[in-house]
Structures are given as C-alpha cells and as structure tokens.
Amino acid sequence: MLRTVNRVALGLAGLVLLALGGAALAAGTGLSVPSWWPWYGPGDVVLSTADRERWRSESWFWPVVVTALAVLVLLALWLLLAQLRRARLADVVVDTGSDGDVARLRGRALERAMEAEAKTLDGVAGARIALRRRRGEPEARVRLKLEPHASPARTLRALTEEAVEHARASTGLAALPTDSRLHAASHAPRRVS
C-alpha cells in the first residue's frame with residue numbers, strides 16, 4: 001500500500017508543479033494564457049496590491065490558508081515517517097536441500113508460529129513477533145509481556161532455546177538474530193486483610 005501511496009503522491013505533486021511551472025513559463029515568455037490566469041506577462045505580479053488588500057479584509061481567508069498548509073505539512077510528515085518505518089518481511093526463503101531449490105515460507109505464518117510457541121513459555125502473558133531485513137537473512141523483533149512472577153533471564157533463555165531455535169531449525173537458517181524487548185504486564189494489586 002505504501003508503494004501505491006508514494007506513486008500517487010509523487011504523481012500528483014509532479015502534475016501540479018508541471019502545470020504551474022508551464023503556465024508561469026508561458027506567461028513569463030509572453031505567450032497567450034487563459035483569461036482567468038492571475039498574471040499575463042514578465043512584468044506582472046501574482047497578487048496585485050488590490051488583491052492583497054481584498055484578501056486581507058476577508059476574515060475567513062487566512063485561517064483557511066493556514067489550516068490547509070498545516071494539513072499538507074502533517075500529510076508530508078506522515079509520508080516521511082512511513083518511509084522510515086521498516087516493512088515486515090513478506091516471506092522467508094527456505095532451502096529444500098534438493099539441487100538448490102528453495103521454498104518460500106510466508107513471514108506472517110512464521111511469526112504466528114513463533115508467537116504461539118512464545119506464549120506457552122512460563123511467565124509470558126503475551127507475545128508479538130515481527131520479522132525484518134532480507135528473505136535469506138531474517139531478523140526477529142520480539143516483544144514479550146511478562147507476568148509478575150516471571151524471571152526475565154529464565155524467560156529470555158527459554159525463548160532463545162525454544163521458540164527462536166525451533167524457528168531457525170525449521171527454516172534451515174544458519175542464524176536468526178533476535179531483538180527481544182520484555183515488558184511487565186499490568187495487574188491488579190492484591191488485597192491484604
């Protein structure tokens with residue numbers, strides 16, 4: 001989806017800039033422009049003094065301009081942040097062992113299998129796993145919610161030896177680097193009587 005948004009946004013920006021630039025070039029070189037066009041020649045200005053005074057007296061104009069510009073800035077920031085965010089891995093290449101043939105395992109399927117196994121570990125209240133980087137060399141980003149009684153060191157060791165190792169072995173990868181983040185699950189306080 002991000003690729004489609006990029007192409008549409010770049011296409012629209014390009015068309016608008018091309019139209020404005022072509023019209024300004026046509027007016028600046030003295031070619032004929034439509035009657036509604038705001039300037040007609042090299043000595044003309046975009047907004048005359050009368051136009052500026054008229055727009056300054058309108059109470060609705062400047063709030064609309066500022067709001068439109070703020071929306072454009074927010075959309076541009078959203079697009080920039082979307083570019084910086086790393087996409088999830090669509091599939092993982094698995095060597096089948098026969099004549100260099102490979103199979104493609106869906107990234108989401110591997111993530112769900114790892115999550116299901118991580119949730120069965122002692123002291124884990126919830127798990128979220130995302131695969132990143134390249135197909136042949138994926139990297140797992142693991143977020144675990146730990147119950148109050150869980151030992152972080154023991155849980156991390158069990159995660160590495162079970163869920164991550166099983167995923168690595170089943171896909172035939174030489175290594176599966178993992179970035180693990182552990183968070184404590186919120187719980188209601190106990191009543192003491």
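The values are calculated or read from the model by the stated rules, or taken from the named source; none is laboratory data. Since this is a predicted model, take the numbers as computed values, not measurements. So basically every Cβ, Gly included, is an ideal-geometry build from the backbone, and we count neighbours across all protein chains shown. In case anyone asks, the SASA skips ligands and DNA or RNA and just uses the protein heavy atoms, side chains included. Shrake-Rupley method; radii C 1.70, N 1.55, O 1.52, S 1.80 Å.
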Here the residues within the stretch 116-143 that are under 11 Å from A184 (Cα atoms) and modelled with pLDDT of 90 or more are R143
Exercise for the section: Kindly establish whether A26 is surrounded by fewer than 12 Cβ atoms within 10 Å (Cβ to Cβ) and at pLDDT 80 or above. Expected result: no
- request: Determine whether T171 is on the phi < 0 side of the Ramachandran plot, of a type in the set (S, T, N, Q) and open to solvent by less than 60 Å² (accessible area, probe 1.4 Å).
  value: yes
When you check L146 against the structure, is it open to solvent by 60 Å² or more (accessible area, probe 1.4 Å) and within 13 Å of A118 (Cβ to Cβ), yes or no?
no
Filtering the stretch 142-165 for residues that are free of Cβ contacts under 8 Å to residues at least 40 places away in the same chain and either of a type outside the set (V, I, T) or closer than 18 Å to G107 by Cβ (or both) leaves a count of 15
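For the stretch 29-45, how many residues meet the condition of being of a type in the set (A, V, I, L, M, F, W, C) and open to solvent by 40 Å² or more (accessible area, probe 1.4 Å)?
Here the count works out to 4.
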task = Scan the stretch 124-141 and give yes if some residue there is touching a residue at least 60 places away in the same chain (Cβ under 8 Å) and among the hydrophobic types (A, V, I, L, M, F, W, C), otherwise no.
result = yes
